[in-house]
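**Student:** Take a look at the following structure, please.
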Amino acid sequence: MLLAAGIATIITKRNALGILIGVELIINAAAVNFVAFNRFVWPDMIDGQMFAVFIIVLAAAEAAIALAIFLNFYNNFDVIDVDKANELQG
Amino acid sequence: MVYTLAQSIPAQSLNQVAPFLFFGFAALTVVSAWAIVLSQNIVRMAIYLLFTLCGVAGLFFLMNAEFLAAIQLIVYAGGTLILIVFGVMLTSKDPFQKLVSPIWEQFLGCGIGLALLFLLVLAMANSVIVPHESLGTAPEHGVRAIGKALLSEYIVPFEVSAVLLLVVMIGAAYMARRRA
Amino acid sequence: MPEIWLVVAMCAVLIAPFVKRRNVTIPTLLAVAGLLAAMLFTLLWQSSDPSAENFRTVFSNSLAIDPFSQFFKMMLFLFAMLIVVQWVLIGRSQTDALDVPDFLCLVLGATFGMSLMVSANNLLTIFIAIESASLPSFALAGFRKHQNRATEGSLKYILLGAVASSLMIYGMSLVYGSSGSLDLATIAQHASSEGISPLMGIGLLGMFAGFAFKLSAVPLHFWCPDVFEGASFEVTTFLSVASKAAAMCLLVRVLSNFAMFSAVESITGMAVGLGVLGAITATWGNLVALHQTNIKRLLAYSSISHAGYMIMGASVILLVNPTAIVSALLFYILVYMFMNLGAFTVAAVLAAQLGSEDIRDYAGLIKRSPLLSILMTLFMLSLFGMPGLGGFMGKLFLGTAMIQAGGIGALLVAILLLNTLFSLWYYLRPSYFMIFVKPNDDDAPSTPLARPSTATLALLGWCVLMLFWTGILPNSAIQTTREYAAIIVKPAVRQTLSQSTPKAEPKIDRKESH
């Protein structure tokens, strides 16, 4: 369900930040999956939980670098709509 | 997905209130996730994301992953979300502007999303996932177990992510630096 | 662990400005030293261990150290070093002295991630390695941050990358859920003993979407030309070879784990799927390359189609004895590294002197700089696959390895041949402009271009030498890659108290006969 919402967000939002939020949704869906599978299907291990820990860490890292790039783009173009990013074509 | 999982909860593992809590958190998560899809204002989207993250943290908590619930709240809701909100503030001239996307795009997005959901549910129904019963060996799920695993079995990802964070910090600092 | 030296070098590079501000030489030397140390340690480690010991996984199976990964790491470190050299020769003048440590640190970080990608042996390590290779790459792509094109390229890169990696994580979660393990070999074993459930199928699909992004396979290739055009030449060269080759090696490792237990029908389906993906990628890359006029975009599409050839090759791993195909792939990557390095270096030199990346501006260059024109033509011919040059041998070995797979292989080889023929047209276009087209306006400068520096020429000369060596006397090179083509496949031995999975997991070491 979260995945569906995430994908719907990515497709509908033209704003780069909106896409990032959609990505965060999918990542969260994956984390929930990991923990749930860990808890209900393979309760003797903690692999799923460990993976979720790293997912959270890397999501933070990804958001940081994405926002830095967005800021740069905004400085140069004054918008962050993906449709405006059309100088390069072909 | 959450619903199917909820059905497989062993009754004895949770106390009486837990199922209600589970559905409560699941509902919170899912409803606010769809609210993100439907909302047309970037600030509201960020706030709904906050609710989704809190709902996920609640789910973690109910699935015996207390440590994860804690770092979900601290790192994700407290850190990543704030980053996004900063991003919103720094990049929009008017935080309340409407982001209107064409109606057919909304339908397309929701359609693809729902189709994938349907596919997943279908796949789940057709896949045999045998729940492996816990053997009563009291698997450690607490912070202690995670700490131990981090420094033994998972030492490589742990160290690598440390290096990664350093590199990302350099990269982000460089990108966001003012014009010289 | 040679990677440790990269981290040490990274820290040293970051500390250097505190000792001597605005000094460029010290950080550069430190970075090169770090890469050199990493390379030496890979080499030493190689020769000090007896060959049987070379097959092992370390840190509870999270990293595999085998001849395959060692060989690739040596190439990778060498290549990163050459990139630093290329940057010193050409791009350094455009970089502010204050930004030098950042640049080097990002390059080292990306190299670090890529070298882990080759060794990664379970889902978590794969995920982390891919991320730690991509995140610095995103920053590198936008390194020229005041240029609109660079920021735009990096924006597209990171958005697509974030989407692809989130799909990959989601896929991994499904794979974990249906197999109960993060370990590649255990997953493959599970898949063969109990079949691939629909859930796992979707999961694998998601995972391959993540790989496809790194490889710039067709549905996820849009970032490639944009990033290449926006980024500086060094970064473009780096991304076009290192990041794709690392992803390729990762794909090879995953596939050979599945190939180890290839009892299932669906494995064939997977091979066909990948083959089709590779074929589409190669064809699409070539078709779009036909009407490119910017040399960077042209080379970007060329790199997409080369990735397609390699994917086609990799898909065959599932069907036949992998030694031949893995060694062919390693050889291909080796050759491709020198071809691309050479082509991009020439283009960079030309861009610096002409102030243009448009191949129409190359008109009449044969008179102004015969040497560079000839070099460019050579590299282009090698990329096309002219007999006598390395590119031809790479394709030849790939083709002979593929044809062993029977009908599918033969079909793939036919596609490869057709594509190669097509590609001749656009590979020769720059040379065509250089040699046959007269500059149409009369006031076009006809003064000879300045001779590139001796070091640049040495770098180019070495690339040419390597191409001729691999093209005319390929035996020693292919012999070496064959020796190193062994990949370790070993399921993790879990030390849980669980009795519910009583299958005694056998230790299976795959040792290829050399």
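**Student:** State whether the residues of segment C:165-172 include one that is surrounded by fewer than 24 Cβ atoms within 10 Å (Cβ to Cβ) and more than 15 Å from A:ASN33 (Cβ to Cβ).
**Tutor:** So far as segment C:165-172 goes, no, none of its residues is surrounded by fewer than 24 Cβ atoms within 10 Å (Cβ to Cβ) and more than 15 Å from A:ASN33 (Cβ to Cβ).
**Student:** A further question follows. Of all residues in segment C:136-150, which are in contact (Cβ under 8 Å) with a residue 24 or more places away in the chain, part of a helix (DSSP H, G or I) and facing chain B (nearest Cβ under 10 Å)?
**Tutor:** Correct list: C:PRO136, C:SER137, C:ALA139, C:LEU140.
**Student:** Residues to consider are A:GLY48, A:GLY18; find the one that is closer than 21 Å to B:VAL85 by Cβ and modelled with pLDDT of 55 or more.
**Tutor:** Numbers: A:GLY48 fails: closer than 21 Å to B:VAL85 by Cβ.
Result: A:GLY18 is the single residue among A:GLY48, A:GLY18 that is closer than 21 Å to B:VAL85 by Cβ and modelled with pLDDT of 55 or more.
**Student:** Quick check on segment C:309-323. Is at least one of its residues touching a residue at least 60 places away in the same chain (Cβ under 8 Å), assigned to a helix (DSSP H, G or I), under 30 Å from C:LEU350 (Cα atoms) and within 14 Å of chain A (Cβ to nearest Cβ)?
**Tutor:** Among the residues of segment C:309-323, not one is touching a residue at least 60 places away in the same chain (Cβ under 8 Å), assigned to a helix (DSSP H, G or I), under 30 Å from C:LEU350 (Cα atoms) and within 14 Å of chain A (Cβ to nearest Cβ), which makes the answer no.
**Student:** Let me ask you something else. Can you tell me which residue within segment C:336-361, out of those that are touching a residue at least 12 places away in the same chain (Cβ under 8 Å) and not in a helix (DSSP H, G or I), is nearest to the chain's Cα centre (by Cα)?
**Tutor:** Only one residue tops the list, namely C:GLU357.
**Student:** Something else about it: Tally up the residues in segment B:43-60 that are in contact (Cβ under 8 Å) with a residue 12 or more places away in the chain and either in a loop (DSSP other than H, G, I, E, B) or open to solvent by 10 Å² or more (accessible area, probe 1.4 Å) (or both), please.
**Tutor:** Summing the residues that are in contact (Cβ under 8 Å) with a residue 12 or more places away in the chain and either in a loop (DSSP other than H, G, I, E, B) or open to solvent by 10 Å² or more (accessible area, probe 1.4 Å) (or both) in segment B:43-60 gives 5.
**Student:** May I pose another question? Taking segment C:122-135 on its own, how many of its residues are in contact (Cβ under 8 Å) with a residue 40 or more places away in the chain and closer than 14 Å to C:SER166 by Cα?
**Tutor:** Within segment C:122-135, the subset in contact (Cβ under 8 Å) with a residue 40 or more places away in the chain is C:122-127, C:129-130, C:133-134.
Now drop any that are not closer than 14 Å to C:SER166 by Cα, which leaves C:123-124, C:126-127, C:130, C:134.
Number satisfying all stated conditions: 6.
**Student:** C:SER115: within 14 Å of chain B (Cβ to nearest Cβ), among the hydroxyl-bearing types (Ser, Thr, Tyr) and part of a helix (DSSP H, G or I), yes or no?
**Tutor:** yes
**Student:** Are there any helices (runs of 4 or more DSSP H) wholly within segment C:182-235 with 3 or more residues that are in contact (Cβ under 8 Å) with a residue 60 or more places away in the chain and away from every other protein chain (no Cβ under 13 Å), and if so which? Reasoning before the result, please.
**Tutor:** Working: elements: C:184-194, C:198-215, C:223-230.
Here the list reads C:184-194, C:198-215.
The values are calculated or read from the model by the stated rules, or taken from the named source; none is laboratory data. Just so you know, these numbers come straight off a predicted model, no measurement behind them. Here the Cβ is made from the backbone with ideal geometry for all residues, glycine too, and neighbour counts use every protein chain on show. Each accessible area value is taken on the protein alone, full model and side chains, heavy atoms only, with ligands, DNA and RNA left out. Shrake-Rupley method; radii C 1.70, N 1.55, O 1.52, S 1.80 Å.
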